[in-house]
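The values are calculated or read from the model by the stated rules, or taken from the named source; none is laboratory data. These numbers were taken from a predicted model, which means no experiment stands behind them. With ideal geometry, Cβ positions are generated from the backbone for all residues, glycine too; neighbour counts draw on all protein chains shown.
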Amino acid sequence: MREKLSLLALLCLALALLPSPAAPVAVMSVDLGSEWMKVAIVKPGVPMEIALNKESRRKTPVAVCLKENERLFGDGAIGVSVKNPKVVYRYIQSLLGKTADNLQVQQYQKHFPEHQLLPEKKRGTVYFKYSEEMQYTPEELLGMMLNYSRVLAEDFAEQPIKDAVITVPAFFNQAERRAVLQAAQMAGLKVLQLINDNTAVALNYGLFRRKDINTTAQNVMFYDMGSGSTTATIVTYQTIKTKEAGTQPQLQIRGVGFDRTLGGFEMELRLREHLAKLFNEQKKSKKDVRENARAMAKMLKEAQRLKTVLSANAEHAAQIEGLMDDIDFKAKVTRAEFEALCSDLFDRVAVPVQQALAVSEMSLDEIEQVILVGGATRVPKVQEMLLKATKKDELGKNINADEAAAMGAVYQAAALSKAFKVKPFLVRDAAVFPIQVEFSRETEEDEGAKGIKHNKRVLFQRMAPYPQRKVITFNRYTDDFTFNINYGDLSFLNQDDQKMFGSVNLTTVKLSGVGESFRKHSDAESKGIKAHFNMDESGLLILDRVESVFETIVEEKEEESTLTKLGNTISSLFGGGSTEPTANVTEPDEEEVLPEAGKDQEETGEKTEEAAQEQSDSEQKSQGEKGKEEPVTEGGEKKSNEGSEKEEPQTEKEAEASEKSDDENAAGAQEVEKKPKPQKKSKISIDIGVELEVNDVLNPSPEDIEVSKKKLQDLTDRDLEKQEREQSLNSLEAFVFETQDKLYQDEYQAVVTEEEKEAISSKLSEASAWLDDEGYSAGTKELKEKLAELKKLCKAMFFRVDERKKWPDRLAALESMLNHSSIFLKSAKMISGDDQIFTDVELKTLEKVINETLTWKNETVAEQEKRSPTEKPVLLSKDIEAKLSLLDREVSYLLNKAKFAKPKPKPKPKDKNTTSSDDKTNSTDSEKSIPPNGESDKAEESKPALEPPTEENKKEETETEPTLALETENKETTKDNDSQNHIEDEL
């Protein structure tokens, strides 16, 4: 019994250590557009779903409202933007990773003159200044939106979420991508990956057409025109074979063309300007409407509505009540006028298509389908120009233009998460901008004069696939030097795009320790300075490490034969061993470094050959397919085949053969002496110090990040505190009004005395007056205390009413249970002795519970009827439920026993050869007296039943009787059962 209990305890402990099934495992995605944000989640039981916002909408405006004591997001912020545009920040995506002199920053200031954009001195970026206390960077504002997106996802998933995949435009450069990651860090989100929005759309498209993808390449163009930008992407779908997962579908980005400023927002700005011109021409006001920020915000909202309506109608009337100085505005605008306003924009529709075709080196004939993505593609003129540019009969509209990116990104989040297992769909994205390494070195001219030569090596070509690792080797440096990482040829960008792109210089890399490594290993052969680069899944370039690599040649000791090693091992186990020289020869392991190299490594702290080999294997495995990639061969050469030609006397059999022929041994020894000793190449790798100097946009320091995180957390705490205060205020108001009304309801008037009613009514009136005077400025704590005081005063009244409501149903259930139990008890008692399956103890226990319950009910109900409704009741619903539970447990036990009980077998007819039951008993009794060494098998089987029973064991046996009967019936014969039962009766 103790062993069973200990095993049970261990099992319970093991189960307690298992992860809880309710642990948060959900992941999310954020499709971060310039105007709209879509959030999707994956959780157990919910494959992929768009998370609804608090207005039950599937997309949320990217807008933040920041007042002195209030913060609003999404639709709430948009509502404030019409009344007070200075406190609402929108379209912040175009400011990420930009310096103050960037053309896109200047355009933003032109479009939103109500905001004060100032340069940040330390980093050269910009920030919004509303007051001395309210100053926020674009990254901080985006961090607020990302934190809000997580709140929406968590509310929808009903569990905490930390992991996310965030979409970014394909044309985002390194600085812009870093800015998004910084914003996510401020929001406390763990970014699994930044995925290009066009790639996410392509993934979503391919997931639902997995069966249609085969070994034949299928080329599809996705044309995405959103609010702020336009991107055309050519994607190739094809199945490929992989070592890990076999044949799997793959999408590869082949070509990308884009326009940073072509989108629906620019069309709305043109419409707003047109509406402002029409208002000024009406001369209803002497003021220029363009100088009124609030009026222009109303104009922009109406322009957005007008653009949508004109997509389906030839003309529509724009109207705004109280536009400015209580003057209403109304004007008719036709689709033709709208298209004329945006004619130059529509001429740019075809440019991204041409760029994508050019960089992919494809023709329109190779493109099977052109699929529309993004809200602005709903404009008829855009579709007309796109049909003309692509020379297609029709455009594909078979995906959700608003949600495809969010759904593709959340599938990628599930694939990257360890909590989900999804079908593989390989994604090979492409770098839109080329990246190269630039360095300079001294050269000798013809006349002996020294000059400087500038070199460039392409690291990642334009449209190079990623994630991918690259290694650049510098072979002509023997001392510390510096090189630069810059963008490559960007001539494919137009003049405005280059101004918006920012700095073409990425990073200056300063190396230290190169000269020292050469001085310490002057006798070794240099294999160059190797810089290891990685473009990760997010499209970010990372310099993993830089190392100085040398190679030395060391003599390799002769290797023993396997048989000799085995003999040495056996000998050592028994404390003996041969004294022959061949028996004492040992060979170092493959990873072991020979003494000559080991000495240097101890002095310089270099990596061992084993670690270098592991690095080499990892690098070789992760090398990409495209671009000039340095073959990674660090870690030493493969062992020479000469290792198999060892000295002959190294095995026992060969030693015996040598005793038979001394001449042959002498000849063999001479041959060995002539052979050159085997050699082995050893690699030495030394880490080089790296100092990075960012040249495009400086990253905020860790201290700055912490300050921003605290600023955002303080705002969140303030929001939560405000929300809690509002809930407390609403709860107090509701309690006062509802209780005042209840005092006049019959069921409440029946249970309160006049004095109690007067006291409660007086306190409620006081609370109502206090709310009108001071309550709306009171703190959360004070509001909660007022509510607790009122609830305490009314607790007894509510309890009496609540109990009286529960009595009828509870008493009816108890009465029904008593009736059924009595009928069951009578039926059980009528079972004949041979067929009876219940013991007397069980039946008497049930009868006792029935009688006690019936007596308690009658007495308690009678006592309650004597009491006044205003007194505390003695008949309590919880007591009724307890009696119900006890009675139900007793009946259920007996019913369960009857359900699993089997009829007893009929006794066999006696014949002359069979012994009587008395003989059986005597036989069994005699078996009990047999010594242990003489016990039969049958006695051994019955031994556990002959243990002296204690009072506790008797109780356990009675309680578990059905289980024991069920276990033994299948194992023993009827005869054994009869004998066993007889023994138990005697005991």
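Please go through the range 352-370 and give me each residue that is in a helix (DSSP H, G or I) and hydrophobic (A, V, I, L, M, F, W, C), ordered by number. If the condition is that a residue be in a helix (DSSP H, G or I) and hydrophobic (A, V, I, L, M, F, W, C), then 353, 356, 357, 358, 359, 364 are the ones that fit. Would it be correct to say that residue 207 is within 21 Å of residue 403 (Cα to Cα), surrounded by fewer than 23 Cβ atoms within 10 Å (Cβ to Cβ) and touching a residue at least 60 places away in the same chain (Cβ under 8 Å)? Here the answer is yes, as residue 207 does meet what is asked.
Restricting to the range 371-395, what's the tally of residues that are of a type in the set (A, V, I, L, M, F, W, C), surrounded by fewer than 21 Cβ atoms within 10 Å (Cβ to Cβ) and assigned to a helix (DSSP H, G or I)? So the answer is 3. Candidates are the residues of the range 527-556 that are surrounded by fewer than 19 Cβ atoms within 10 Å (Cβ to Cβ) and of a type in the set (A, V, I, L, M, F, W, C); the one that is modelled with the lowest pLDDT is 554. Tallying residues that are surrounded by 14 or more Cβ atoms within 10 Å (Cβ to Cβ) and either of a type in the set (S, T, N, Q) or over 15 Å from residue 803 (Cβ atoms) (or both) within the range 847-885 yields 13. If you go through the range 56-68 and pick out every residue that is in a loop (DSSP other than H, G, I, E, B) and at pLDDT 90 or above, you end up with 5. Scanning the range 62-83 for residues that are surrounded by fewer than 22 Cβ atoms within 10 Å (Cβ to Cβ) and not aliphatic (A, V, I, L, M) yields 65, 67, 68, 69, 70, 71, 75, 76, 79, 83. Taken over the range 508-525, the criterion of being surrounded by 18 or more Cβ atoms within 10 Å (Cβ to Cβ) and among the polar types (S, T, N, Q) is satisfied by 517 alone. Looking only at the range 157-186, filter to residues that are part of a helix (DSSP H, G or I) and within 15 Å of the chain's Cα centre (by Cα); which one of those is farthest from residue 504 (Cα to Cα)? Here the residue is 157.
Give the residue that is nearest to residue 357 (Cα to Cα), with candidates limited to residues of the range 242-281 that are at pLDDT 95 or above and among the β-branched types (Val, Ile, Thr). Selected residue: 256.
No other residue among 751, 736 is among the aliphatic types (A, V, I, L, M), in contact with a Pro (Cβ under 8 Å, 6 or more places away or on another chain), under 28 Å from residue 873 (Cβ atoms) and in the same structural domain as residue 872 (by TED's automatic domain parsing) apart from 751.
A single entry from 298, 330 fulfils the requirement of being at pLDDT 90 or above and either crowded, with 17+ Cβ neighbours inside 10 Å or touching a helix residue (DSSP H, G or I) at 6+ places or on another chain (Cβ under 7 Å) (or both): 298.
In the range 467-531, counting only strands (runs of 3 or more DSSP E) that sit wholly within it, the ones holding 2 or more residues that are aliphatic (A, V, I, L, M) and in contact (Cβ under 8 Å) with a residue 40 or more places away in the chain span 468-474, 505-512. Considering every residue within the range 104-119, establish whether at least one is crowded, with 23+ Cβ neighbours inside 10 Å and either touching a residue at least 60 places away in the same chain (Cβ under 8 Å) or under 30 Å from residue 499 (Cα atoms) (or both). Scanning the range 104-119 turns up no residue that is crowded, with 23+ Cβ neighbours inside 10 Å and either touching a residue at least 60 places away in the same chain (Cβ under 8 Å) or under 30 Å from residue 499 (Cα atoms) (or both). Contact map, the range 846-865: first residue closer than 20 Å to residue 822 by Cα, second residue among the charged types (D, E, K, R) and part of a helix (DSSP H, G or I), Cβ cut-off under 7 Å, separation 6 or more or different chains; pairs are 846/890; 849/890; 853/883; 856/883. Screening the range 748-791 for residues that are among the polar types (S, T, N, Q) and in a helix (DSSP H, G or I) and picking the one that is farthest from residue 721 (Cα to Cα) gives 749. A residue that is of a type in the set (A, V, I, L, M, F, W, C), in the same structural domain as residue 759 (by TED's automatic domain parsing), under 18 Å from residue 889 (Cα atoms) and loosely packed, with under 14 Cβ neighbours inside 10 Å can be found somewhere in the range 839-846. Only a single criterion out of (1) surrounded by 11 or more Cβ atoms within 10 Å (Cβ to Cβ); (2) at pLDDT below 90 is not satisfied by residue 833, namely (1). The helices (runs of 4 or more DSSP H) found entirely in the range 846-957 that carry 1 or more residues being modelled with pLDDT of 50 or more are 877-900.
Do we find that residue 158 is over 27 Å from residue 401 (Cβ atoms), of a type outside the set (S, T, N, Q), out of contact with any helix residue (DSSP H, G or I) (no Cβ under 8 Å at 6 or more places or on another chain) and assigned by TED's automatic domain parsing to the domain that holds residue 89 in this structure? Criteria met by residue 158.
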